[in-house]
2 protein chains.
Amino acid sequence: MLVEFGDKTPKRHVVIVGAGFGGLACAKKLRRSPSFSVTLVDRNPYQLFSPLLYQVATASLPEDDIAFPVRTAYREVQFVRAEVTNVDMQNKTLSLQNGKSLAYDDLVLAVGSEGATFGIAGVAEHTLQMKSVQDAREIRRSLLRTYEDVEDEILPLENLNVVIVGGGPTGVELAGAISELQREIRREFEHIAPQASVTLLEAGPRLLPSFHPRSSNYANKTLRRMGVDVRVDAAVIEATPRSLRLKDGSEIVAGTRIWAAGVVAPPTWTFLGDTDRANRIKVDAHLRLNDSIWVVGDAASFGDKTGRTLPMIAPVAIQQGKHVARQLRRRESKQALEGFEYRDKGQMATIGRRKAVVEIRSWLRFQGSLAWLTWLALHLAYLSGGRNRTSIFADWVWNYIVWTPRRTITD
Amino acid sequence: MLVEFGDKTPKRHVVIVGAGFGGLACAKKLRRSPSFSVTLVDRNPYQLFSPLLYQVATASLPEDDIAFPVRTAYREVQFVRAEVTNVDMQNKTLSLQNGKSLAYDDLVLAVGSEGATFGIAGVAEHTLQMKSVQDAREIRRSLLRTYEDVEDEILPLENLNVVIVGGGPTGVELAGAISELQREIRREFEHIAPQASVTLLEAGPRLLPSFHPRSSNYANKTLRRMGVDVRVDAAVIEATPRSLRLKDGSEIVAGTRIWAAGVVAPPTWTFLGDTDRANRIKVDAHLRLNDSIWVVGDAASFGDKTGRTLPMIAPVAIQQGKHVARQLRRRESKQALEGFEYRDKGQMATIGRRKAVVEIRSWLRFQGSLAWLTWLALHLAYLSGGRNRTSIFADWVWNYIVWTPRRTITD
């Protein structure tokens, strides 16, 4: 479909599905090009800044602060709020859940990922996920309301226990933040609160498996010092309405059970082509599935030169989104396509107040306060939107320097 | 019941029902007295700063910012989260909804008010109230989601219309803020948004009836200039699922129908004694119903020397809460009780950005930017809690100076 916009030049219609890091990076680079008209489709009218989702889940930040409105983000980009239900590759048309359809010349799939349950019994029903604002809201409600219900003797004391599955950055950040929240809540529920515990389970041999072993070590020691019961080589085999059962036969009883054990691409899209074990669509060196469909971010399975499949993290998505925008423009000007190359800028995870790990190069790793300040600065820098940045900065000043009461509303 | 707290002195147990302006003012003044132990009961664990509720309803402030946690507010005060279902005056015992009971020596009722429907057909079912966080959340959702649903052709264009019933400060503030929100949303929904309208209905002859006619005039003119359709002498006789019907036979079709036409005390408490038309309990010169029950704030019907019954506003509640605390302490030290006297500190209402009316004395009234700055400063000063104050201040700097996107999440 060639869209005409008043002027004489026919524009190619690029439809980007997903307003996450990858989709927005692509839209941003394409929006001013005279050769394209860009439509962005997402089920939510906001970009979720998921690296800070754990702070919403632990009652530190208000949820709006990590939701950046996309309708007004780029004036040249048309936004459609919808869920995509099908792709007709023959006729280059998307079907939307609202019954409408959307024709494209080029399609960029930036559909992200969802929590991986690995088919373990009870996980979908009896654990809380950590992917959406609604998920974070559920966790926050569970964490806070349980204290009231235990005090009112509606729930038994053991419900104050929290268990988190998954020792990656999300699990580590949650465990640290929940431990700090529990300490803060002691002032409010003096009789029951000391009974609360946090357990962090990792199926593999160490926390932060993608980091250097020294960072793993630091995370483990730091969390233990904060009172978190860290267990490695602890594989979950079943979730029940009140506990998690482990492979070694033990059972952990907890009122709040959070599942952060990894992500997979949404299974909805696997019909499009070859996929890997994480439902990710295998793409060529340019990130293409075919001549008119590109895949970026968590939904793309892309092996770099060393044969390693790139991890499902925001920096990969951002670089891939930009890459696809560049290739679309090169193609328009009849230039040869370039292969995608990932520039690894390192990784980091926060553990608690003034405690983090940062790895920039194999020879440049650091931990503790400096790492934590680096984490703060980089997250502020990457937040889209001046308002959210200021608002979060103000909240952080209070949270970390002044230490004032947590956010309260739980219904 | 005389409670002993480890030490030898028996303390009188004061139970305060309601953690609003009146209840908290009373608790604050009593908490450090060696003669009393104080228990505060409320269905919510936070004080709602209702003067700013309209900013939550219009997507300016996050809801947590106007909810001040009471559990940690005063360490000496015991907090019980519960709904009170009955008072046994004989045995000086409250029944709570959770099945428990609570004995008191002195009871302070600070139970506030709720929206008054005046028995008008359909109001309870087909209009949105403006008293709780949940109410504000509903209004915000209705205001924002309607644009998406109209764009998706799920709802007709007329649903973008908003009608507000009640020309008091709440109605005026809402009308102004919604008009500003609608203007802001035009950037996001360019095709449909210009169709949106706001209508403000007042049954009496002028807006802000408790203010000087010049202030009413200013509010009316200012709102009209902002595009609000202001109608006075417009009495509603019925609310339907899509409209409001007026006494003059006309009908106003609107997707968002907000009821801010006045408040009454909760009918639950009228069995306790003589009440006025607004369900308020008639109290003596000291604010007592009997020797052990005191009533303050919106729930109390108190006539001052001139015979005028005091209005249901925060300053009255605060002064009455303090007064009761003072009388309880005087009685303990065998001093004679004092009568309550209200010191009128004036009133104010904001209309929009840089537009407000302030009346401090009959000879000291002003409007416009200076009034608006006075409004900002006084609201910040009255907010409990440093965190909320800072957070709101940061948000206001953005809202009023930088003008950035509204808050986004609507589900």
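Points to keep in mind about this one:
- Hey, residue A:296 in contact (Cβ under 8 Å) with a residue 12 or more places away in the chain, among the hydrophobic types (A, V, I, L, M, F, W, C), touching a Cys at 6+ places or on another chain (Cβ under 7 Å) and under 23 Å from residue A:40 (Cβ atoms) or not: yes
- Candidates B:204, B:249, B:227, B:255, filtered to the one that is surrounded by fewer than 17 Cβ atoms within 10 Å (Cβ to Cβ) and in contact (Cβ under 8 Å) with a residue 40 or more places away in the chain: B:227
- The numbered conditions (1) polar (S, T, N, Q); (2) assigned to a loop (DSSP other than H, G, I, E, B); (3) at pLDDT 95 or above are all true for residue A:95 except (2).
- Enumeration of residues in segment A:121-156 that are surrounded by fewer than 16 Cβ atoms within 10 Å (Cβ to Cβ) and among the small types (Gly, Ala, Ser): A:121, A:124
- When the test is whether a residue is touching a strand residue (DSSP E or B) at 6+ places or on another chain (Cβ under 9 Å), over 22 Å from residue B:160 (Cα atoms) and outside the structural domain of residue B:298 (by TED's automatic domain parsing), residue B:101 does not pass it.
- Candidates B:211, B:189: the one that is away from chain A (no Cβ under 14 Å), assigned to a loop (DSSP other than H, G, I, E, B) and either crowded, with 17+ Cβ neighbours inside 10 Å or among the acidic types (Asp, Glu) (or both) is B:211.
- Output for segment B:125-167, where each listed residue is within 22 Å of residue B:115 (Cβ to Cβ) and either in a strand (DSSP E or B) or polar (S, T, N, Q) (or both): B:127, B:128, B:129, B:132, B:134, B:142, B:146, B:161, B:162, B:163, B:164, B:165
- Flag: residue A:373 matches the condition of being farther than 20 Å from residue A:48 by Cβ, out of contact with any helix residue (DSSP H, G or I) (no Cβ under 6 Å at 6 or more places or on another chain), modelled with pLDDT of 65 or more and more than 8 Å from chain B (Cβ to nearest Cβ).
- Hey, residue A:30 at pLDDT 90 or above, within 14 Å of another protein chain (Cβ to nearest Cβ) and touching a Phe, Trp or Tyr at 6+ places or on another chain (Cβ under 6 Å) or not: no
- Filter result for residue A:72 (within 26 Å of residue A:260 (Cβ to Cβ), at pLDDT below 95 and part of a loop (DSSP other than H, G, I, E, B)): no
- Number of residues in segment A:1-22 that are modelled with pLDDT of 55 or more and within 21 Å of residue A:294 (Cβ to Cβ): the value is 13.
- Single residue of segment A:34-57 satisfying the filter (aromatic (Phe, Trp, Tyr) and more than 13 Å from every other protein chain (Cβ to nearest Cβ)) that is farthest from the chain's Cα centre (by Cα): A:36
Yes/no matrix, rows are residues, columns are (1) outside the structural domain of residue A:212 (by TED's automatic domain parsing); (2) aromatic (Phe, Trp, Tyr); (3) farther than 17 Å from residue A:315 by Cβ; (4) surrounded by 16 or more Cβ atoms within 10 Å (Cβ to Cβ):
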| position | (1), (2), (3), (4) |
| --- | --- |
| A:339 | yes, no, yes, no |
| A:343 | yes, no, no, no |
| A:346 | yes, no, no, no |
| A:349 | yes, no, no, yes |
| A:355 | yes, no, yes, yes |
| A:361 | yes, no, no, no |
| A:368 | yes, no, yes, no |
| A:377 | yes, no, no, no |
| A:381 | yes, no, no, no |
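- In segment B:376-400, residue modelled with the lowest pLDDT [restricted to those that are aliphatic (A, V, I, L, M) and within 16 Å of residue A:393 (Cβ to Cβ)]: B:397
- Criterion: closer than 30 Å to residue B:393 by Cβ and either buried (at least 19 other Cβ atoms within 10 Å of the Cβ) or away from chain A (no Cβ under 14 Å) (or both) - qualifying residue of B:60, B:95: B:60
- Odd one out for residue A:111, checked against (1) closer than 30 Å to residue A:327 by Cβ; (2) within 14 Å of chain B (Cβ to nearest Cβ): (2)
The values are calculated or read from the model by the stated rules, or taken from the named source; none is laboratory data. In this text the structure is predicted, and so the values were computed from the model without any measurement. Counting neighbours? That spans all protein chains shown, and the Cβs are built from the backbone with ideal geometry, glycine included.
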